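Below: one structure, written as structure tokens.
The values are calculated or read from the model by the stated rules, or taken from the named source; none is laboratory data. Since the structure is predicted, the reported quantities are computational estimates derived from the model, not experimental observations. Note: ideal-geometry Cβ built from the backbone for every residue, glycine included; neighbour counts use all protein chains shown. We work out accessible area using only protein heavy atoms, side chains counted, and drop any ligands, DNA or RNA first. Shrake-Rupley method; radii C 1.70, N 1.55, O 1.52, S 1.80 Å.
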Amino acid sequence: MADLQSGGDVSVSLQGVNKTFASGVVALDGFNLDLRPGEFVSLLGPSGCGKSTALRLIAGLMEPTRGTVSWSGSGKPGDRHGSGRHGEIGFVFQEPTLMPWATVAGNINLPLSLRRIDGGKATERVAAALRQVGLDGFELAYPRELSGGMKMRVSIARALVTEPALLLMDEPFAALDEVTRFKLNDDLIALWRAVKRTVVFVTHSVFESVYLSERIVVMTSRPGRVFTEFKTDAPYPRDRHFRTSADYAALCRQVSEALADATSKGAGA
Amino acid sequence: MNGEPVEAAMPARNRAEAALRLLLPIVVLALGVLVWDLIVRLREIPPYVLPGPGLVFRTLVADWGLLFDSLLVTLKTTLQGFLLAVAGGVGLAVLFNQSRLIEYSFYPYAVILQVTPIVAIAPLLLVWLPQEAAVLACAWIVAFFPVLANTTLGLNSVDHNLADLFRLYGASRWQVLRRLKLPAALPYILGGLKIAGGLSLIGAVVAEMAASSAGAGSGLAYRIAESGYRLNIPRMFAALVLLSLAGIVIYFALALFSHLLLRRWHESAIARDM
């Protein structure tokens, strides 16, 4: 059985990736991205720019039409397609994507039970994951009894329960109200600082990407490729003071302009 | 930000609503029986055309031994046909879901079996099979298709992201079926069962009718046919009442079963405050 405690030093590299769907739509073309261990990266771009496709390629849920997606580090080297990836990745979808027939604990336990990790060890991990997202005491609740924000927390706990090296998040907070989103943004930063996993966060919100990330990758659409990227060295923990600071505003303006350029360029191409 | 889980409350309004739902059909029934009785009395309709409700009830009591035995025969066939339909319908749907080739090969024949009127097949089955087996086969044929169709729909209605998640964690085919597809299909399967319960009774009745024309049988439908030949219309009505009651009980039993299985999680089984 693969060891789930894979540590944080997996890096992923996408080189010259093209993804063309059967319908003829070119989602990504000439897409290059290197993920460094432990960093927080946002993929920022307009809807339909292939952000989600890039995430699915990294997760191995899709294969690139051309180009390579390669892994290195303490993960299982050379094992791109096999089971080696399964313990390395946690995926959070835009919807909470919970099993409505299972309790909160049952949902979080899913990745463990699919790998036949049962008993006390699993229970402990589920409890720990629930604590991390601030939902202890909700083990026996059903998803329908929870608010949208709480469901998303369960979804994040499920992604964390295998202690993955890489956490992929596909616009996880897009459907939530602003108050909840800000709170989850802060909690996500705290979580990331605590566990030091690599996080790839897909969003179409400039403000969210600037607030959360160390690195912001701006993408063009049709076909999706990297337009430019920004680094921010604003110190963590970031809080509402950062949200109202001049640095934050300035960076948001820069990124917004880049996004506007990328969008017009993409549409014109 | 820990919000409280929303507890499904049961305020007085809901209770009044529930009482109304129970009471109104009973009032309608009472009115119907009253009108029926009045028409029979006022127009002096002879009992061999239309017996009054009182006479039907007296016949039901007087012929109870005979009718109850017939009811048991019909119910046994219905239950067996139903269980076989559930096993066959769910089993075939799972098989079809696992293999496209099998689905393409056999699904059309399942449809053909369904669209061919059972009344037309029953006499043939009675020629080929012993009477009891033929009746059972009819109950099965009528009842299995809704289970098959609904289960197929349910198995194909799995949330794509959840399916991706299972793939991401390297779930086996069996795990996907047992942990994802079957639970996701459960509300659909239960919907199929509700239809199949009534249909297996219909299938059993149709086959008993066909068998009775050959003078064989002992079920309720046979009693109805037999009473018709003998112009014992009150007994015919009494048997009919029992048959309807059986159908109602089957429906509510399955509805209750479905509710108990789904009440914690499925929208269809959750009472909402308006």
**Request:** Tally the residues that are within 8 Å of chain A (Cβ to nearest Cβ) and free of Cβ contacts under 8 Å to residues at least 12 places away in the same chain, restricting the search to the stretch B:150-195.
**Result:** 10
**Message:** Checking residue B:48 against (1) hydroxyl-bearing (Ser, Thr, Tyr); (2) more than 30 Å from residue B:152 (Cα to Cα); (3) part of a helix (DSSP H, G or I): exactly one of these is not met. Which one?
**Reply:** (3)
**Message:** Given the criteria at pLDDT below 90, part of a helix (DSSP H, G or I) and either under 15 Å from the mean Cα position of the chain (by Cα) or in the same structural domain as residue B:253 (by TED's automatic domain parsing) (or both), does residue B:184 qualify?
**Reply:** no
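Quick check on this structure: which one of A:160, A:166 is touching a residue at least 60 places away in the same chain (Cβ under 8 Å), open to solvent by 10 Å² or more (accessible area, probe 1.4 Å), more than 8 Å from every other protein chain (Cβ to nearest Cβ) and not β-branched (Val, Ile, Thr)? First the steps, then the outcome.
Numbers: A:166 fails: open to solvent by 10 Å² or more (accessible area, probe 1.4 Å).
Result: A:160 is the single residue among A:160, A:166 that is touching a residue at least 60 places away in the same chain (Cβ under 8 Å), open to solvent by 10 Å² or more (accessible area, probe 1.4 Å), more than 8 Å from every other protein chain (Cβ to nearest Cβ) and not β-branched (Val, Ile, Thr).
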**Flag if residue B:268 is assigned to a helix (DSSP H, G or I), surrounded by fewer than 18 Cβ atoms within 10 Å (Cβ to Cβ) and modelled with pLDDT under 90** = yes
**Message:** Could you tell me how many of the residues in the stretch B:20-45 are open to solvent by less than 100 Å² (accessible area, probe 1.4 Å) and either touching a residue at least 12 places away in the same chain (Cβ under 8 Å) or not in a helix (DSSP H, G or I) (or both)?
**Reply:** 5
**Item:** Condition broken by residue A:239, with the remaining ones in (1) surrounded by 19 or more Cβ atoms within 10 Å (Cβ to Cβ); (2) in contact (Cβ under 8 Å) with a residue 40 or more places away in the chain satisfied
**Value:** (1)
**Prompt:** Do we find a residue being under 21 Å from the mean Cα position of the chain (by Cα), free of Cβ contacts under 8 Å to residues at least 60 places away in the same chain and in the same structural domain as residue B:71 (by TED's automatic domain parsing) anywhere in the stretch B:204-218?
**Reply:** no
**Asked** Among the candidates A:52, A:23, which residue alone is more than 14 Å from chain B (Cβ to nearest Cβ), open to solvent by 10 Å² or more (accessible area, probe 1.4 Å) and at negative phi?
**Response** A:23
